[in-house]
Amino acid sequence: MTAKLKQDEPDTRNILDTMKQGVIGKPIPRVEGLAKVTGTATYAAEYKIDGCLEGVMIQAPFAKGTVTAIDTDALLAMPGVVAVIEDPRQTARAAQGTANEAPVQEPMTVTYYGQPVALVVAETFEDARNAAAQAKLTYDIEQVGSFDPQDVEAEVQEDSATRQGDLAHAVKTAAHAIDTTIHTEGHASAAMEPHGSIAEWDGRNLTVYASLQMLNYNITELADSLDLEEDRVRLVSRYVGGGFGSKLGVSEDVVAASLAAMQLNRPVRVVMTRQQVFQTVMRRSESAQRFRFAADSEGTLSGFGHEARVSNLPQESFAEPVLQSSDFLYKGENRLLELEVARIHRMTAGSVRAPGEAIGMPALEIAMDMLAEKAGVDPVELRIRNIPDKHPANGKPFSSHKLEEALRQGAEAFGWDGANRAPRQTRDGEWWIGTGMASAARVHNVSKAQVRVVLAADGTARVETDMTDIGTGTYTILAQVVGEMLGLETDKVLVSLGDTAFPRGSGSGGSWGAASVGSAAFVACNAVRDALCEKAGINTDDAEFKDGRLNGGKTFSDILDGTEIDRTGEYEPGDISEDYVASGFGAFFAEVRVNRFTGETRVTRMLGAFGFGRVLNEKTARSQCLGGITWSIGAALTEALLFDPKDGHVVNQDLAEYHVPVCRDVPDCEVIMVDERDPAASPIQAKGIGELGMCGGAGAIANAIYNACGARVLTLPMTPDRVIAAMPD
Ligand code: MOS
């Protein structure tokens with residue numbers, strides 16, 4: 001039986017708070033932690049399947065043109081080679097992440113350097129790799145004029161534009177005005193687990209073990225690209241070693257392994273190398289962002305302008321939504337927000353952790369720091385002064401708004417002194433020391449989700465959904481929601497995820513997972529509670545579920561008397577998502593040391609204070625915030641995808657050359673979680689958490705660098721050369 005809830009109105013009853021088990025919100029350790037640290041959690045490429053062939057992709061050694069021939073005869077003559085799969089239409093459609101829309105292309109069109117064009121399948125990985133390395137392709141290269149997004153045509157995204165009042169006039173007549181342009185470089189998702197798949201075909205049905213975030217959607221993508229009905233496809237992703245957006249869509253390995261398995265009638269594994277992941281999986285677009293502010297003598301904004309240019313391949317619809325939170329974060333009746341997309345032949349740009357705000361917020365917060373200095377206002381106070389009481393353009397109410405609390409609580413805990421913000425006040429030998437801050441904001445998303453909850457005859461619960469846990473803690477928070485609602489300790493709740501044989505969840509992405517599937521589990525549990533109470537002959541409103549007993553008396557098992565209760569809950573956001581602006585908010589504070597001779601920056605202290613609705617698990621929530629702060633440090637100081645200007649290939653294509661922060665780069669960080677229940681965000685009053693932790697943090701570090709040494713660096717990452725170049729004499 002399916003119970004449904006479409007939320008049209010805020011739910012201020014906060015039902016989870018009235019439950020008695022006391023497991024919700026608690027910092028319980030991950031329920032799958034032991035399996036992961038003992039190596040018994042099976043990741044996609046680790047399934048042991050007899051007779052499994054190995055596939056290695058062949059990639060185009062040029063950015064634009066067509067592959068006219070592949071010398072398959074020579075490849076097939078090589079040791080161990082079983083087949084060469086060169087169905088370009090399928091691989092190309094998947095490679096572009098738009099399996100549902102992209103037209104079939106013929107001949108094999110290449111639009112970025114490294115695009116997969118064929119798969120060599122062999123008895124061993126070594127044989128497949130050996131053959132792939134010697135593959136002879138015949139191709140026609142089309143010269144690309146420029147790979148630089150600043151050099152090419154761009155089109156404005158009209159649907160995300162805001163034009164209101166007269167910004168130019170406001171800027172011209174303002175007491176304090178800012179007009180500055182900030183650049184950010186591209187990012188890689190750099191998930192620890194590379195993309196990999198094993199496909200099995202039984203002549204009718206396809207099973208694929210893959211590393212994916214969104215099985216509920218990936219099944220449609222894959223079925224569509226293979227021209228199979230969805231009920232003949234099963235995807236399994238029980239454990240995922242990070243995704244950060246790179247596994248939102250089916251990757252090339254999934255389609256290639258599936259095609260090969262179907263053609264050869266044998267299981268086929270395809271695992272990308274780290275370099276292939278960097279070359280073929282989505283990048284975060286670089287950006288150029290111009291800010292124009294008009295403020296009165298107190299720093300209150302009357303004009304707010306944010307115009308940005310990002311890039312993508314010509315045929316792609318995604319545009320890094322850098323204006324997303326700028327849309328509603330600060331006041332300013334004269335508004336101009338415009339996003340344009342330059343068409344270039346670097347690989348597909350797509351979602352990378354916190355698409356939009358990850359780079360939009362740091363840039364905005366650097367510009368705000370410049371305004372604070374100009375207006376002579378404490379940067380914290382400047383933000384508070386500019387918090388609007390409703391959406392500044394469309395007038396919609398906020399569902400809940402914790403920016404001011406986060407700023408105040410963060411400032412207090414950090415020991416922020418906003419009185420004297422002149423740069424270069426503190427030096428320790430070669431090192432300038434300074435502090436900086438920034439606001440955090442990230443829109444809240446929820447989506448339709450289904451979760452099945454079974455209260456078994458023995459009084460324990462089983463939970464099933466095709467939802468994934470990409471390292472965020474989904475197994476654990478679902479055990480907590482269900483445990484709280486049904487009155488069970490979490491070790492009495494068995495959560496099974498990552499299999500399309502289960503009801504469709506929301507998938508993991510955009511920080512919507514916990515609020516979406518948590519709400520679906522909540523809906524299912526309410527139905528289970530009703531059914532059990534009916535059996536016991538009592539009214540659910542009078543029932544207390546605790547420690548496996550109803551109202552402290554009979555155990556669930558006694559009441560069930562050998563039967564079980566099986567309910568699927570379906571949650572869907574209704575009008576509420578249109579009626580309110582829902583967002584997570586927060587504040588970052590950073591302390592840095594900048595070497596006066598080398599420009600090297602070390603982050604020595606960092607604090608984040610966040611309001612993101614109900615916290616379902618204090619430990620996994622804190623870990624998400626710490627991860628976000630770590631991303632912030634990477635975005636601020638080291639992370640940049642670099643492209644060869646001659647042929648457009650990714651130059652730094654492994655973790656030795658693309659620098660994510662390591663332990664020595666990350667100080668002890670403090671996380672403050674501001675108490676909040678957002679009744680319009682979801683039926684469990686929870687909002688997205690994961691991405692907020694990096695939406696602005698790099699701006700706090702940039703502002704701290706300026707405060708330390710007077711270098712206003714306007715290109716991220718702020719590598720030593722850029723800091724030195726901006727350093728005053
Ligand atoms: Mo999200 S871009 O799937 O971290």
Original post:
Picking from 290, 266, which residue would you name as being out of contact with any Pro (no Cβ under 9 Å at 6 or more places or on another chain) and within 20 Å of residue 702 (Cβ to Cβ)?
Top reply: 290
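Could you tell me which of the residues 478, 497, 488 is at pLDDT 95 or above, among the aliphatic types (A, V, I, L, M) and over 20 Å from the mean Cα position of the chain (by Cα)? Spell out how you get there, then give the answer.
Working: 478 fails: over 20 Å from the mean Cα position of the chain (by Cα); 497 fails: over 20 Å from the mean Cα position of the chain (by Cα).
It is 488.
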**OP:** Please identify the pairs in which a residue from region 283-301 that is farther than 16 Å from residue 388 by Cα has its Cβ atom under 7 Å from the Cβ atom of a residue that is modelled with pLDDT of 95 or more and acidic (Asp, Glu), counting only partners at least 6 apart or on another chain.
**Re:** 284/320; 285/320; 286/185; 287/320; 290/307; 292/179
Original post:
Checking residue 694 against (1) surrounded by fewer than 24 Cβ atoms within 10 Å (Cβ to Cβ); (2) over 26 Å from residue 424 (Cβ atoms), which single condition isn't satisfied?
Top reply: (1)
Original post:
over 30 Å from residue 467 (Cα atoms) and in a helix (DSSP H, G or I) - does that describe any residue in region 184-197?
Top reply: no
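With more than 15 Å from the ligand (Cβ to nearest atom), aromatic (Phe, Trp, Tyr), in contact with a His (Cβ under 7 Å, 6 or more places away or on another chain) and outside the structural domain of residue 653 (by TED's automatic domain parsing) as the only criterion, which of 291, 278, 304 stands out?
Sole residue among the options that is more than 15 Å from the ligand (Cβ to nearest atom), aromatic (Phe, Trp, Tyr), in contact with a His (Cβ under 7 Å, 6 or more places away or on another chain) and outside the structural domain of residue 653 (by TED's automatic domain parsing): 291.
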Original post:
Which condition does residue 672 not pass, out of (1) of a type in the set (A, V, I, L, M); (2) assigned to a loop (DSSP other than H, G, I, E, B); (3) open to solvent by 10 Å² or more (accessible area, probe 1.4 Å), if it passes all the others?
Top reply: (2)
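One line per residue, one yes/no per condition, for (1) outside the structural domain of residue 503 (by TED's automatic domain parsing); (2) polar (S, T, N, Q); (3) farther than 30 Å from residue 130 by Cβ:
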| site | (1), (2), (3) |
| --- | --- |
| 12 | no, yes, yes |
| 16 | no, no, yes |
| 19 | no, no, yes |
| 28 | no, no, yes |
| 35 | no, no, yes |
| 63 | yes, no, no |
| 74 | yes, no, no |
| 83 | yes, no, no |
Original post:
Which one of the conditions (1) away from the ligand (no atom under 16 Å from the Cβ); (2) over 19 Å from residue 593 (Cα atoms); (3) crowded, with 18+ Cβ neighbours inside 10 Å does residue 702 fail to meet, given that it meets all the rest?
Top reply: (2)
**OP:** Please work out which residue is nearest to the ligand (Cβ to nearest atom), limiting yourself to region 495-526 and to residues that are among the small types (Gly, Ala, Ser) and open to solvent by 20 Å² or more (accessible area, probe 1.4 Å).
**Re:** 511
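Conditions tested, residue by residue: (1) more than 16 Å from the ligand (Cβ to nearest atom); (2) in contact with a helix residue (DSSP H, G or I) (Cβ under 8 Å, 6 or more places away or on another chain); (3) hydrophobic (A, V, I, L, M, F, W, C).
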{"residue": "157", "(1), (2), (3)": "yes, no, no"}
{"residue": "160", "(1), (2), (3)": "yes, no, no"}
{"residue": "163", "(1), (2), (3)": "yes, no, no"}
{"residue": "166", "(1), (2), (3)": "yes, no, no"}
{"residue": "185", "(1), (2), (3)": "yes, no, no"}
{"residue": "206", "(1), (2), (3)": "yes, yes, yes"}
{"residue": "223", "(1), (2), (3)": "yes, yes, yes"}
{"residue": "230", "(1), (2), (3)": "yes, yes, no"}
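Residue-wise test of (1) in a loop (DSSP other than H, G, I, E, B); (2) among the charged types (D, E, K, R); (3) open to solvent by less than 30 Å² (accessible area, probe 1.4 Å); (4) closer than 22 Å to residue 653 by Cβ.
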residue	(1), (2), (3), (4)
220	no, no, no, no
225	no, no, yes, no
255	no, no, yes, yes
263	no, no, no, no
**OP:** Name the single residue, out of those in region 483-511 being among the polar types (S, T, N, Q) and out of contact with any helix residue (DSSP H, G or I) (no Cβ under 6 Å at 6 or more places or on another chain), that is farthest from residue 244 (Cα to Cα).
**Re:** 496
Original post:
Is it fair to say residue 472 is within 25 Å of the chain's Cα centre (by Cα), open to solvent by 10 Å² or more (accessible area, probe 1.4 Å), at pLDDT 95 or above and among the β-branched types (Val, Ile, Thr)?
Top reply: yes
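Kindly state which helices (runs of 4 or more DSSP H) lie completely within region 492-594 and contain at least 3 residues that are closer than 30 Å to residue 607 by Cα and in the same structural domain as residue 451 (by TED's automatic domain parsing). Even if it seems obvious, please write down each step before you answer.
On the way: elements: 513-536, 556-560, 576-579.
Here the list reads 513-536.
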Original post:
Does region 614-635 contain any residue that is under 25 Å from residue 446 (Cβ atoms) and either free of Cβ contacts under 8 Å to residues at least 24 places away in the same chain or assigned to a strand (DSSP E or B) (or both)?
Top reply: yes
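The values are calculated or read from the model by the stated rules, or taken from the named source; none is laboratory data. None of these values were measured; they are calculated from a predicted model. Quick reminder, even Gly has a Cβ in these numbers, built from the backbone with ideal geometry, and neighbours come from all protein chains shown. Remember, those area values only see protein heavy atoms, side chains included, never the ligands or the DNA or RNA. Shrake-Rupley method; radii C 1.70, N 1.55, O 1.52, S 1.80 Å.
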